[in-house]
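Nothing in this text is a laboratory measurement; each read-out follows from the coordinates by a stated rule. These figures come from a predicted structure and were not determined experimentally. Don't worry about glycine lacking a Cβ; one is built from the backbone with ideal geometry, like all the others, and counts go over all protein chains shown.
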Amino acid sequence: MTQYLKKDNLTVKIYPTREELGLAAACEAGNKIKELQRSQKYLNIIFAAAPSQNEFLEHLINQEGIEWEFINAFHMDEYLGLSPDAPQGFGNFLKERIFGLKPFHSVNYLNGQNQSYELECSRYGQLLSANPCDIVCMGIGENGHIAFNDPDVADFADHALVKVVELDPLCRQQQVNEGCFTAISQVPTHALTVTIPVLIKAKHIFCMVPGSYKAQAVANTLEQSISEPYPSTILRNHQSAILFLDKKSAGQIKVNSKQQ
């Protein structure tokens, strides 16, 4: 049984299991992609790279009728200083799960090895400007970050499109909690991230957040004031955003919901 609720403009859908969440989100995102493809030739989609996206990506690549050859793919963040073939690299994560499996019109990787971070931010920002985002497929961090816009660096009116950020300890510990690294000392301290205004300007946002370790971040998203200390709260201002939860990630929600 699926539960539904609305907080400001944000639609929230709660599923019994993580697998059901991933399948439902993939079906809705796939249908939106196909709908948009009926009226425009090329779509620009930004993807998140995180274990929370695994089920969604697994089901999205199996959606029938998507014309992948007319999609320009982007991702929303990348570590600085990892080796090019590191499995923890977000470009590598997405290449394994979707970018390398479908015939995209283009796949646009953030380069965390570029020795000039300013040039890389400028290069990727120009790509995003030339290809305004139609759809964002994302998650929410344990500290409420979206992309790598942690509370200390989140800016709802950011003038930059892409920037270098220092990752806060909670963000870095999350990477250990999720099994991406074995110790926090291995987690890079800095990263490139697409900024919040770029994400929020997307026509449609699909946000997949499973797991009990995200329950507090979900509760904050829905119950705290819309402000930078809780970056994900900005989703409540978006006109076409859906937050997909499972029973565990919805465990601390206090808002009454409808069932169907």
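What does the charge count around residue 18 come to, taking other residues whose C-beta lies under 15 Å from its C-beta (Lys +1, Arg +1, Asp -1, Glu -1)?
Details: positive: 13, 214, 247, 248; negative: 19, 20, 55, 58, 178, 246.
Charge balance near residue 18 sits at -2.
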- Please name which of 171, 229, 88 has its Cα lying farthest along the dipole of the chain towards the positive end, using unit charges on Cβ (Lys, Arg +1; Asp, Glu -1) and the Cα centre as origin. 229
- Highest mean first, what order results for 40-51, 25-36, 112-123 on Cβ atoms within 10 Å? 40-51, 25-36, 112-123
- Item | DSSP beta bridge pairing in segment 3-251, given as percent antiparallel to the nearest 5 | 40
- Query: Are any of the pairs 34/102; 32/214; 7/247; 201/247; 95/163 more than 24 Å apart by Cα-Cα distance, and if so, which?
  - Reply: 32/214; 201/247
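Can you tell me the alpha carbon radius of gyration of the chain divided by the globular rule-of-thumb value 2.2 N^0.38 Å? List each step's numbers first, then the result.
Values: Rg = 17.0 Å, N = 260, 2.2 N^0.38 = 18.2 Å.
Here the Cα radius of gyration is 0.94 times the empirical estimate.
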- Query: Among 124-130, 235-241, how do they line up from the highest to the lowest mean number of other beta-carbon atoms within 10 Å?
  - Reply: 235-241, 124-130
